[in-house]
Amino acid sequence: MDLWWVFLYTMVIFVPFLLIQISSTFKFHFKIISYCILCVTLSTLAAPVCLLKNGGRTVDNMRIIRAFVRTMKYVFGLRYEVKGLENFRIDGPCVIVSNHQSVLDMMGLMEILPDRCVQIAKRELMFAGSVGLITYLGGVIYINRKQTRDAKSIMAGVARAMTDDNLKVWVYPEGTRNNSGDLLPFKKGAFHLALQAKVPIIPVVYSSYTSFYDRKKSLFSGGIIKVEILPKIDISGVKEADIADLTDRCFHEMRRVFFRLSGKPYTPIKQNASSK
Ligand SMILES: CCCCCCCCCCCCCCC(=O)SCCNC(=O)CCNC(=O)[C@H](O)C(C)(C)COP(=O)(O)OP(=O)(O)OC[C@H]1O[C@@H](n2cnc3c(N)ncnc32)[C@H](O)[C@@H]1OP(=O)(O)O
Ligand SMILES: CCCCCCCC/C=C\CCCCCCCC(=O)OC[C@@H](O)COP(=O)(O)O
């Protein structure tokens, strides 16, 4: 008889728990797959518009891509609260650095993307079907992260193009997606780029997604993302030998803002922030 009670309680507690787990995992994957399908569909629709309007690969296509991507937030119940847009109003090129949490960042990127701005992306993105095509048409710059020397020489070319073509360049200095609720140490490429092109750096911080999006917990619901565009960091007077300090300064400033926007107490870290 006792065994029956144990069995019954196990079923009453365990089975609903299991079903909730399965359904939340299912819901999470369903939403992520829907996101990917929507990206592929919108890219397929945007590509001919870009080709008809601008003829080929040009940063002007980013305006078209931006208009398409801005509709996606409504599908996923996301809202952006943006502060500091006036800091984007500078004449000429600049390097924009921001934190990178997930593939969902494309929506936050396009929400505030200034005109004449291209992104640095891993070269694997080029092969992502119509998404790859649309990034190519928008003028995204691809780097091979496994070949530092190649990446550096591409960045040197980008520095020239920035001044020649009046381009802004968006870099994710963490170098990869990071949904841990903190920032990864910054790589130095973006800061070398700013120095080589002799342009200011504009940091952009997005609040943590962990309250509404968490891969480990299979969580993906609607939510509010706070975005802050910080005042530009002037690099006049900065020398190559100061790159590590510049990287650290930017990292710590962005990390402070990240914790504030995410409503979490700031915990300073002592060690050198930059990755190498
Ligand atoms: C319609 C719907 C469709 C949606 C479509 C939306 C379109 C938008 C697309 C947006 C795409 C966004 C994609 C985002 C990504 O892919 S993020 C991943 C790729 N990005 C990056 O990795 C950028 C950040 N990384 C760097 O900047 C790195 O520094 C890099 C240049 C890549 C080199 O990395 P790594 O090999 O790991 O080396 P280190 O950074 O550790 O550097 C090693 C030493 O080299 C020095 N260094 C670095 N860069 C330079 C440089 N440019 N010039 C000179 N020297 C450089 C660095 O200082 C290190 O030396 P020391 O240790 O200081 O001596
Ligand atoms: C014929 C092949 C067809 C392949 C189809 C692939 C479909 C891809 C579908 C949807 C992708 C939408 C994503 C939009 C762009 C996302 C850019 C992005 O966030 O890349 C991640 C990169 O920053 C860092 O990568 P890692 O964290 O280091 O990894």
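Taking the residues in segment 99-135 that are surrounded by fewer than 17 Cβ atoms within 10 Å (Cβ to Cβ) and more than 8 Å from ligand 2 (Cβ to nearest atom) as candidates, determine which candidate is nearest to L261 (Cα to Cα). Looking at residues that are surrounded by fewer than 17 Cβ atoms within 10 Å (Cβ to Cβ) and more than 8 Å from ligand 2 (Cβ to nearest atom), I get D115.
Residue-wise test of (1) out of contact with any Gly (no Cβ under 7 Å at 6 or more places or on another chain); (2) buried (at least 16 other Cβ atoms within 10 Å of the Cβ); (3) touching a residue at least 24 places away in the same chain (Cβ under 8 Å).
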position: T25; (1), (2), (3): yes, no, yes
position: F28; (1), (2), (3): yes, yes, yes
position: Y35; (1), (2), (3): yes, yes, yes
position: V40; (1), (2), (3): no, no, yes
position: L45; (1), (2), (3): yes, no, no
position: P48; (1), (2), (3): yes, no, no
position: L51; (1), (2), (3): yes, no, yes
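Residues in segment 236-247 that are crowded, with 17+ Cβ neighbours inside 10 Å and not aliphatic (A, V, I, L, M): T247 alone.
Identification of strands (runs of 3 or more DSSP E) wholly contained in segment 80-180 with 1 or more residues that are within 11 Å of ligand 1 (Cβ to nearest atom), free of Cβ contacts under 8 Å to residues at least 40 places away in the same chain and under 17 Å from the mean Cα position of the chain (by Cα) yields 117-122, 141-143. Of the residues T163, T176, the single one that is among the polar types (S, T, N, Q) and within 16 Å of ligand 2 (Cβ to nearest atom) is T176. Here I90 fits the description: farther than 22 Å from I64 by Cβ, surrounded by fewer than 17 Cβ atoms within 10 Å (Cβ to Cβ), hydrophobic (A, V, I, L, M, F, W, C) and more than 9 Å from ligand 2 (Cβ to nearest atom). In segment 57-74, the residues that are on the phi > 0 side of the Ramachandran plot form no Cβ pair under 7 Å with any partner that is surrounded by fewer than 18 Cβ atoms within 10 Å (Cβ to Cβ), whether six or more places apart or across chains.
H252 fulfils the conditions (1) exposed (fewer than 13 other Cβ atoms within 10 Å of the Cβ); (2) not in a loop (DSSP other than H, G, I, E, B) except for a single criterion, (1). Set side by side, the residues E240, E228, E253 differ, and just one is in contact with a His (Cβ under 9 Å, 6 or more places away or on another chain), away from ligand 2 (no atom under 16 Å from the Cβ) and of a type in the set (D, E), which is E240. For segment 171-190, the count of residues that are over 18 Å from M254 (Cβ atoms), surrounded by 15 or more Cβ atoms within 10 Å (Cβ to Cβ) and either of a type in the set (G, A, S) or at pLDDT below 95 (or both) is zero.
Per the listing V227, V257, V199, the residue uniquely part of a loop (DSSP other than H, G, I, E, B), surrounded by 15 or more Cβ atoms within 10 Å (Cβ to Cβ) and modelled with pLDDT of 95 or more is V199.
Residues are listed down the side, and each one gets a yes or a no for (1) at pLDDT 95 or above; (2) within 12 Å of L133 (Cα to Cα); (3) more than 9 Å from ligand 1 (Cβ to nearest atom); (4) aromatic (F, W, Y):
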residue: C36; (1), (2), (3), (4): yes, no, yes, no
residue: C39; (1), (2), (3), (4): yes, yes, no, no
residue: S43; (1), (2), (3), (4): yes, yes, no, no
residue: P48; (1), (2), (3), (4): yes, yes, yes, no
residue: L51; (1), (2), (3), (4): yes, yes, yes, no
residue: I65; (1), (2), (3), (4): yes, yes, no, no
residue: F68; (1), (2), (3), (4): yes, no, no, yes
residue: Y74; (1), (2), (3), (4): yes, no, yes, yes
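The values are calculated or read from the model by the stated rules, or taken from the named source; none is laboratory data. A quick note: this is a predicted structure, and the numbers were derived from the prediction, not measured. Glycine also receives a Cβ, built like all others from the backbone with ideal geometry; neighbour counts cover every protein chain displayed.
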